Structure formats: structure tokens, C-alpha cells
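S.K.: Before anything else, here's the structure in question.
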Amino acid sequence: MGVEPAAGPTLAVFASELGPGDPERASIMSQVGALLARRGARLVCLAEAGAIAVPLITSAGAAGGDVLIIAGDELKVPAALADVPIERIVGHEGRLARVAALADVYVGLPGSLASASNLYAAWVRGGGGAGGKPVVLLNRNRAFEVLRGMAQDVLSHGLKRHDRYVVFTDSVDDLWNKVNWALNEAGQRAAR
């Protein structure tokens with residue numbers, strides 16, 4: 001799997017167009033894709049069960065960004081993504097492990113329960129809190145409010161300084177600030 005290292009951080013971005021939810025979801029994905037690409041981040045996106053964040057990937061590509069899709073053989077690639085590199089890996093667990101190995105930070109966008117579940121599973125495959133890779137959640141329209149409460153109630157008991165591993169933001173404009181802050185925090189923890 002000879003993927004060249006990214007110039008900037010590699011962000012595993014979890015988003016979905018499937019299921020009920022925020023009618024602004026596609027717009028949010030487009031804004032985030034362009035923002036992260038302009039900042040030099042490499043985006044890694046998991047495609048599972050036919051769910052793929054097309055607006056996120058196309059906007060990142062249009063902004064000159066580096067995107068990699070991790071998928072199984074069953075993925076039918078939409079025409080809009082024909083030029084995007086895809087690593088095809090057999091088995092859900094193998095795909096999650098690959099995303100976890102590539103990610104410097106996990107980013108969750110408002111989406112479906114499946115995308116939130118995949119984010120959590122990839123984070124766990126990457127070692128969870130002990131893996132030192134932070135999670136940044138875009139809590140637009142309170143999409144991750146339940147997770148904010150759960151992080152406080154559950155993670156705070158077993159993960160020292162949990163608020164430095166799981167970070168929330170309410171706006172697309174602030175997302176890069178939180179990602180950058182989380183990367184700096186992770187670097188400082190690793191240096192200790």
C-alpha cells in the first residue's frame with residue numbers, strides 16, 4: 001500500500017449523505033472539503049455499504065486537495081469521483097484498520113448513525129485515547145450533542161484530559177482551528 005505521505009496532516013473524515021438529518025448536510029460537506037483542502041490536509045474517506053461523501057470529496061478535489069477513498073470491491077464509483085484514488089480492501093475490519101493507520105485526526109461531520117459508528121470503530125482500531133489521535137466533531141445543529149455528554153460522562157473516568165482527545169466545534173469556520181489545536185495537543189503529548 002504505497003501511499004505517499006501527505007504534506008499536511010491526514011484527516012479521516014466521516015460523513016454520510018444517507019438517512020434523515022440536517023437538510024444542510026451536503027452544503028456542510030462541500031464547505032468542509034474545500035476548507036480542509038485549502039489548508040493542505042489530506043482527506044481519507046471510508047466508503048461503506050454504498051455510502052460515500054460525494055460533496056465532501058468533490059469539493060476537496062476542486063480546491064486542489066488530496067483525497068483517498070478506502071472501500072471494498074463492491075463500491076460503484078460515481079462519475080464525479082472517477083479520478084479520485086481508491087484503495088480497495090476486503091473486509092470491514094481491514095478498511096477500518098487502514099483508515100486508522102493513515103489518520104492523524106478523526107473528523108466527524110453531521111451525518112448518519114453509520115458514519116458516527118464507523119468513526120468510533122476506526123478510533124478504537126487506532127488505539128482510542130491511548131493511540132493519541134484526537135477526534136474533532138462538527139456539532140452543527142447539535143448533531144453530536146449526545147456524544148458530548150457521553151464523552152463527559154464516560155471518557156472522563158478512564159481517559160485523563162479527555163477534552164483534549166475529543167473536541168467539539170459548532171461552526172465550519174472554526175473546524176480547522178480545532179483540528180490544528182488537537183494536532184498540537186497530540187504532538188505535545190507524544191513529546192512527553
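S.K.: Quick test for you: out of ILE52, ILE57, pick the one residue that is buried (at least 23 other Cβ atoms within 10 Å of the Cβ) and within 24 Å of ASP170 (Cβ to Cβ).
M.R.: Values: ILE52 fails: within 24 Å of ASP170 (Cβ to Cβ).
Exactly one residue qualifies, and that residue is ILE57.
S.K.: Any idea how many residues of the stretch 23-49 are farther than 19 Å from PRO85 by Cβ and surrounded by fewer than 16 Cβ atoms within 10 Å (Cβ to Cβ)?
M.R.: So the count comes out to 5.
S.K.: Follow-up question, since we're still on this one. Out of everything in the stretch 65-77 that is at pLDDT below 95 and of a type outside the set (A, V, I, L, M), what residue ends up being surrounded by the most Cβ atoms within 10 Å (Cβ to Cβ)?
M.R.: GLY72
S.K.: Still on this structure: Within the set of pairs 6 or more residues apart or between chains, which connect a residue that is within 19 Å of GLU48 (Cα to Cα) and assigned to a loop (DSSP other than H, G, I, E, B) inside the stretch 13-33 to a residue that is β-branched (Val, Ile, Thr) and modelled with pLDDT of 90 or more with Cβ atoms less than 6 Å apart?
M.R.: Final answer for the pair search is none.
S.K.: Then there is this: Would you say VAL105 is in contact with a helix residue (DSSP H, G or I) (Cβ under 6 Å, 6 or more places away or on another chain), on the phi < 0 side of the Ramachandran plot and either in contact (Cβ under 8 Å) with a residue 60 or more places away in the chain or hydroxyl-bearing (Ser, Thr, Tyr) (or both)? Spell out how you get there, then give the answer.
M.R.: Working: in contact with a helix residue (DSSP H, G or I) (Cβ under 6 Å, 6 or more places away or on another chain): yes; on the phi < 0 side of the Ramachandran plot: yes; either in contact (Cβ under 8 Å) with a residue 60 or more places away in the chain or hydroxyl-bearing (Ser, Thr, Tyr) (or both): yes.
Yes: the conditions hold for VAL105.
S.K.: With over 14 Å from LEU137 (Cα atoms), crowded, with 21+ Cβ neighbours inside 10 Å, within 14 Å of the chain's Cα centre (by Cα) and of a type in the set (A, V, I, L, M) as the only criterion, which of LEU96, LEU109 stands out? Even if it seems obvious, please write down each step before you answer.
M.R.: Details: LEU109 fails: over 14 Å from LEU137 (Cα atoms).
Going through LEU96, LEU109 in turn, the sole match is LEU96.
Matching residues to (1) out of contact with any strand residue (DSSP E or B) (no Cβ under 7 Å at 6 or more places or on another chain); (2) closer than 21 Å to PRO55 by Cβ; (3) modelled with pLDDT under 90:
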site	(1), (2), (3)
ALA80	yes, yes, no
VAL105	no, yes, no
PRO110	no, yes, yes
ALA121	yes, no, no
GLY126	yes, no, no
ARG140	yes, yes, yes
PHE144	no, yes, yes
ASP163	yes, no, yes
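The values are calculated or read from the model by the stated rules, or taken from the named source; none is laboratory data. Computed from a predicted structure; not experimentally measured. When we count neighbours, we look across all protein chains shown, and the Cβ atoms used for this are built from the backbone with ideal geometry, even at glycine.
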